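Below is one structure, written out as structure tokens; comments come after it.
The values are calculated or read from the model by the stated rules, or taken from the named source; none is laboratory data. These figures come from a predicted structure and were not determined experimentally. Virtual Cβ from ideal backbone geometry, glycine too; neighbours counted across all protein chains shown.
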Amino acid sequence: GSEREVAASLAEYRQTLTVGGDAAAAASRVRAVLTPLMTRSERPPIGERDDLVAVHHLPTTSPTADDLREWAALRALGHAVDSPVDLEYWKSIPYFASFMDGYKTADKVKTALEGAASSTVADLLASTRSLDRQAVEAYEQIDLGNGHLRALADETLGRGWWQLLWVPPTMPYLEPGPIYAPLSDGSVTKRVLFSAWTGVPTAIAALLSYEADRLAAGDRTLLRDNTPDARKAVGARLQYRLAEGRPAAMSTLALFWPHPALAELGDPLAAARESGTQVPAASLVERIGERLDAGPDTDQVADAVFSYPGLLPESLRSAGAERLLEYRSEEGRFAGLLEHVRLALDTAGIGTRAHPDLARIAAHSPGNIAWRTLRSVAGPGVTAEGLWGAAFELVRGIRTLFNRTESTALLVTLYGEQPYWRSVLEYCADGNLQAVMDEYLFQLVSEGGGAELDDDGLAALARRAVESMELRPARYVARDNTPERGEIPMMARFALRYGGRFSTDADEAAGVRQGEVRAAFNSPFAPFVLASTSVGQEGIDFHWWSHSILHWNLPSNPVDFEQREGRVNRFAGHAVRKNVAEHHWRDVLLSNDVRAWRAAFDAAAMSSNELGEFSPWWMYPGSARIHRVIAHYPLSRDIAKYEQLRTTLTLYRLTLGQPRQEDMVELLSKKGVDGESVPTIDLRPPVT
């Protein structure tokens, strides 16, 4: 009976839409027969005139003369090898000749270069625009080869994103420094880019990452050029070095040692709560300096750190260096670390020493940041020993982040040739790393359902966070336009491709697994742009640090459109957190909850709005929106195509439960039905 009733009510609703009648009454009858069987909650708009999605257009300019010449050259090449190059390839894929591996045209060109017409094809190939290996290896500025990519680079690298090792925190405790201040207006969010063409993700990831690395290398005083030898010559600066079997400089261990007593003194959230607002980093350091125990001066910052009382939890004070290293995962037990830890424990007995940088270490060192952030998510059953051990593991990831060649080159570009550990401290303060890590670990805990963590759970959480900071660069292969089609290796981390193995990959061992890429993108750290084909749009969430979807090519149907945007429109996403922080930072300052984000969401849950059960975790009022970014050239037919797709999307929502939905959408479109004004089927649960 109920099955026939449902079918009849849906048929009646279809009839009223396509032929005419009382659509509101028909929709009500569908609701009456369906809600006892199923319900579905739709997210409401955020306000009367506000929608959850804000539409932006990528500011692509008209093709340049070189762009047009490239199209003519590609068309001639395709014609010569009997494999026409689609106009959409040229519009979408920068340097198509360099990234065409995997396309039929590339296979046909390869075959033709070995045949009778090889010289003609070689000349045509040489006339196409291609990357030049020497220019890439010399870190020369290269044109990005595509109007969309130039616009994307202007909106990211042009705004200073190349200076970022992490996304600015959504809820900073300290006033941002000169690097992060221009990017702390809430506008930064990672970009997820979808294209219809398999060549797009690799080209974008390779070219955008190249330009980010080139800018970070600055005047090349450190990283001379873009080659493996030049990278090796830079060397890692945060090493546990030994000289004749004895520890050399101990400043690295001082930077990455979780010191519970100093960490307590240096808490920026406590300082913000004490002052009732964000605190300048210099004021925090001054505040800590007034509270530090006094002692004779030393010129070695490590002596001041390791001699300061409270170096370890009481239960670990008699532990030897070997015991402390057991908290490290196997790959974290670096050569020389054991001897450095032994010397640190010996230094603890010399009596308190003072150093001008000790207060800055307390506030901004990665070791103390790691301890505080894990304390904020630790359950009541976590021991002081377990907290210290998890922090000792977590800080390993932050060390990896700052030890990369690109990071070293960036910090030298930003701060000059001062001691590197000082540059790390400055950068952590400038970018509010404490607030960043607190936000990240809150997300990781929330994903696990918010269960209380014991020692083992806290250690597992630390290891998971470390994995996102240890992402290896991807290595893609572009080709030049010589008959040999020589390989041009392209390292990428700022932007990455998401998807399976492609013809433009280097050997598999150097590739990056999808799971690793996804975990890193769902962290505040690189990559900052993720490019994928439509194949990658289903069932994967990218919302933790992104609320911007860039449609490099428009999808062919409205369902794909919604699926793409659904990747960043999810539980506790970046836009939601921005809006919660916008309204409830004051509540966080008034709270004594050690977990700042729990205080913010608790306050949001207590506030009244019209969003019902979706608030605050799925949506929340505020200035942040999901960004739907459309890429199109001026006067392009893509503009009309987008408007048609948008209209179709509203009509598609009227076809719930209907057979041959595409035919019905086409019929409604021909009849001029306005999907915005027609009564839709409401399957929200009845109010009890």
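Annotations for the structure displayed:
- Filter result (modelled with pLDDT of 80 or more and of a type in the set (S, T, N, Q)) within the stretch 3-57: S9, Q15, T16, T18, S28, T35
- Contacts under 9 angstrom Cβ, first residue in the stretch 53-70 being surrounded by fewer than 13 Cβ atoms within 10 Å (Cβ to Cβ), partner among the acidic types (D, E), 6 or more apart: D66/D143
- Selection from the stretch 303-336 of residues that are modelled with pLDDT under 95, small (G, A, S) and either within 27 Å of R464 (Cα to Cα) or touching a helix residue (DSSP H, G or I) at 6+ places or on another chain (Cβ under 7 Å) (or both): S315, A319, G320, A321, S329, G332, A335, G336
- Being touching a strand residue (DSSP E or B) at 6+ places or on another chain (Cβ under 6 Å), surrounded by 15 or more Cβ atoms within 10 Å (Cβ to Cβ) and not hydroxyl-bearing (S, T, Y) is not true of A581.
- Failed item, numbered, when T221 is tested on (1) part of a loop (DSSP other than H, G, I, E, B); (2) under 18 Å from the mean Cα position of the chain (by Cα); (3) hydroxyl-bearing (S, T, Y): (2)
- Candidates in the stretch 647-661 are the residues that are closer than 25 Å to V53 by Cα and free of Cβ contacts under 8 Å to residues at least 12 places away in the same chain; of these, the one that is surrounded by the most Cβ atoms within 10 Å (Cβ to Cβ) is T655.
- Candidates I639, I630, filtered to the one that is under 24 Å from the mean Cα position of the chain (by Cα) and over 30 Å from M171 (Cβ atoms): I630
- Residues located in the stretch 566-593, provided they are at pLDDT 95 or above and in contact with a Ser or Thr (Cβ under 6 Å, 6 or more places away or on another chain): H574, R577, K578, A581
- The combined condition, being under 21 Å from V167 (Cβ atoms), of a type in the set (A, V, I, L, M) and either modelled with pLDDT of 90 or more or part of a loop (DSSP other than H, G, I, E, B) (or both), is not fulfilled by V412.
Residue by residue, here is whether (1) within 28 Å of the chain's Cα centre (by Cα); (2) closer than 28 Å to L164 by Cα; (3) not acidic (D, E) holds:
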| residue | (1), (2), (3) |
| --- | --- |
| T252 | yes, yes, yes |
| P280 | yes, yes, yes |
| E286 | no, yes, no |
| G289 | no, no, yes |
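- Screening A459 against (1) surrounded by fewer than 21 Cβ atoms within 10 Å (Cβ to Cβ); (2) assigned by TED's automatic domain parsing to the domain that holds A270; (3) not β-branched (V, I, T) leaves a single unmet condition, (1).
- Any hit, the stretch 496-510, residues being surrounded by fewer than 23 Cβ atoms within 10 Å (Cβ to Cβ), at pLDDT 95 or above and within 28 Å of S532 (Cβ to Cβ): no
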